[in-house]
Amino acid sequence: MSNVLFELRRIDFAYDDTRPVLRGLDFTLRRGERVALTGPNGCGKSTLLHIMTGLLKPSSGTLVAFGRTRREEKDFHEVRRRTGLLFQDVDDQLFCPTVIEDVAFGPLNLGLDRHAAVRRARAVLGTLGLDDFEDRITFRLSEGEKRLVALAGVLAMEPEVILLDEPMAGLDETAARRVEEIILTLPQTLVIIAHDTDFLARLTRRTLRLHAGRLREAPPDPFPSHASPADAPGGVQSIRTSQERSKPCTKP
Ligand SMILES: Nc1ncnc2c1ncn2[C@@H]1O[C@H](COP(=O)(O)OP(=O)(O)O)[C@@H](O)[C@H]1O
Ligand SMILES: [Mg+2]
């Protein structure tokens, strides 16, 4: 089996005709890699993660994910089961009334029975220090609390690849430390967008900078602070599309 999970070639994308965001972008993501994706505000980092998961479609170029060329919406269903995306805007991620419903939604959607889905959701909430959050109302949580719950939702689905779009935004010091520890132990292939270079240096070993619509490889850190964890098979994952969001949240 090829160890290339994503292969993007000559990707062009623009939200409108006047201003291209991605221009002939190439990106190869291999199994087990932990990649930092950097670049100034508005350069297209979030857009790239949305293209990788089919939430946006490029105007040209090719995207191969998990060994298959993906073009149409239906091609991306499998990609989204196997790739977890933590959205930059947490309000795009959370939509169930209570925390436990939200975190258990993904596993339920993957076909786990209620008991197993809730058990998995509780375990992930516990790891993130959110044991008491089960019955909290999601839309009343603070931004940092929402981000932790959103991360719990992604982890509960045990995806093979995890794309984290500014995972530390809004977190206090304790939560940030906890999230960093968790990210460090994750066996999955990771792409992390963040602005804190020290944080990225601790968590990743490859840095890509998005500039003028393309990615540039940044020189490797001569003093890596850790070794990459061994690869391990993940389960399946689903990013909630607008279609899935319209499904009712049934109380687990
Ligand atoms: N839905 C949208 N419609 C129009 N323009 C958008 C939309 N989303 C993002 N943009 C623009 O596209 C560019 C890239 O955005 P984004 O990928 O969010 O950048 P980054 O994540 O690197 O900060 C920015 O100039 C942003 O304003
Ligand atoms: Mg962004």
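Points worth noting:
- Qualifying residue in segment 41-57 (condition: within 13 Å of ligand 1 (Cβ to nearest atom) and over 26 Å from A150 (Cα atoms)): no
- The residues listed here are V99, V103, V79; of these, the one that is in contact with a Ser or Thr (Cβ under 7 Å, 6 or more places away or on another chain), under 21 Å from R147 (Cα atoms), free of Cβ contacts under 8 Å to residues at least 60 places away in the same chain and away from ligand 2 (no atom under 16 Å from the Cβ) is V99.
- Selection from segment 171-200 of residues that are touching a residue at least 60 places away in the same chain (Cβ under 8 Å) and small (G, A, S): A194
- If you go through segment 165-209 and pick out every residue that is in contact with a helix residue (DSSP H, G or I) (Cβ under 8 Å, 6 or more places away or on another chain) and among the acidic types (D, E), you end up with 3.
- T28 vs. criteria in contact (Cβ under 8 Å) with a residue 24 or more places away in the chain, more than 16 Å from ligand 1 (Cβ to nearest atom), more than 30 Å from L130 (Cα to Cα) and not aromatic (F, W, Y): yes
- If you filter segment 1-30 down to residues that are over 16 Å from L215 (Cβ atoms), at pLDDT 95 or above and surrounded by fewer than 16 Cβ atoms within 10 Å (Cβ to Cβ), you find that the one that is farthest from ligand 2 (Cβ to nearest atom) is N3.
- Leading residue by the ranking (farthest from D17 (Cα to Cα)) among those in segment 34-57 that are more than 16 Å from ligand 2 (Cβ to nearest atom) and buried (at least 19 other Cβ atoms within 10 Å of the Cβ): R34
- T62 being under 24 Å from A218 (Cα atoms), within 16 Å of ligand 2 (Cβ to nearest atom), touching a residue at least 24 places away in the same chain (Cβ under 8 Å) and touching a strand residue (DSSP E or B) at 6+ places or on another chain (Cβ under 6 Å): no
The values are calculated or read from the model by the stated rules, or taken from the named source; none is laboratory data. No experiment lies behind these values; they were computed from the predicted model shown. All Cβ positions, glycine included, derive from the backbone under ideal geometry; neighbour counts span all protein chains shown.
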